[in-house]
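Okay, so here's the structure we're looking at.
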């Protein structure tokens, strides 16, 4: 059973990296190469191709490594992009208010839980879900893996792809910029905004599942 558990955990970690970083990096590089080709900006591409080794396996390995690194950068940039999105749409769409409500519910419960405990000052400034998530992870790892981790992965995957499409849209601004490229940029930005919206909705579900799992773990502990 421990072997199966270890394999499952390793697979989950591998899939997290693949979906969050590798796929978004591959997509961004593919879109960027397509835009550069269509814009006839071939010289930088030709120079890069000349630097690659003749061995196709090594070239594929380098491309995968570079895609993974690109995905990491895109995900990091989303932490700059999303506050801008949140500021712009926070005054217009209810889903931002729903997210604030979920965050406040978890924060208020944590404050009440740690009001007379040293943990209150220690946990101050940490993400509101972290205490509950880690408690579930320690007490009921199976519940965490099957009920929380999936939404965690989906939330960050959508966030990474949203960043990917936003910056792919920015690549369209390269010369020559005309009506076709304006429409392409708008299309990429719309995809980015849709994925941003979906990542927020997934985060709401994630926070709700963190608290629900915590209550279930506490209930099971009380029965034990």
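So, residue 177, is that one modelled with pLDDT of 90 or more and either touching a helix residue (DSSP H, G or I) at 6+ places or on another chain (Cβ under 8 Å) or over 25 Å from residue 92 (Cα atoms) (or both) or not? Break it down into steps so the answer makes sense when it comes.
Numbers: modelled with pLDDT of 90 or more: no; either touching a helix residue (DSSP H, G or I) at 6+ places or on another chain (Cβ under 8 Å) or over 25 Å from residue 92 (Cα atoms) (or both): yes.
Criteria not met by residue 177.
Can we say residue 98 is in a helix (DSSP H, G or I) and either farther than 23 Å from residue 168 by Cβ or in contact with a helix residue (DSSP H, G or I) (Cβ under 8 Å, 6 or more places away or on another chain) (or both)?
Values: in a helix (DSSP H, G or I): yes; either farther than 23 Å from residue 168 by Cβ or in contact with a helix residue (DSSP H, G or I) (Cβ under 8 Å, 6 or more places away or on another chain) (or both): yes.
So residue 98 passes the test.
So, in the range 47-80, how many residues would count as being in contact with a helix residue (DSSP H, G or I) (Cβ under 6 Å, 6 or more places away or on another chain) and touching a residue at least 40 places away in the same chain (Cβ under 8 Å)?
Of the residues in that region, 9 qualify.
Among the residues of the range 131-174, how many are under 20 Å from the mean Cα position of the chain (by Cα) and within 30 Å of residue 190 (Cβ to Cβ)?
22
Looking at 168, 183, can you tell me which residue is assigned to a helix (DSSP H, G or I) and surrounded by fewer than 19 Cβ atoms within 10 Å (Cβ to Cβ)? Explain how you work it out, then say what you get.
Details: 168 fails: surrounded by fewer than 19 Cβ atoms within 10 Å (Cβ to Cβ).
Within the list 168, 183, the selection yields 183.
For the list (1) modelled with pLDDT of 75 or more; (2) over 19 Å from the mean Cα position of the chain (by Cα); (3) loosely packed, with under 15 Cβ neighbours inside 10 Å; (4) farther than 21 Å from residue 28 by Cα, I need the number of the one condition that residue 124 fails.
For residue 124, the failing item is (1).
The values are calculated or read from the model by the stated rules, or taken from the named source; none is laboratory data. Small disclaimer: the values here were computed from a predicted structure and weren't measured. Glycine also receives a Cβ, built like all others from the backbone with ideal geometry; neighbour counts cover every protein chain displayed.
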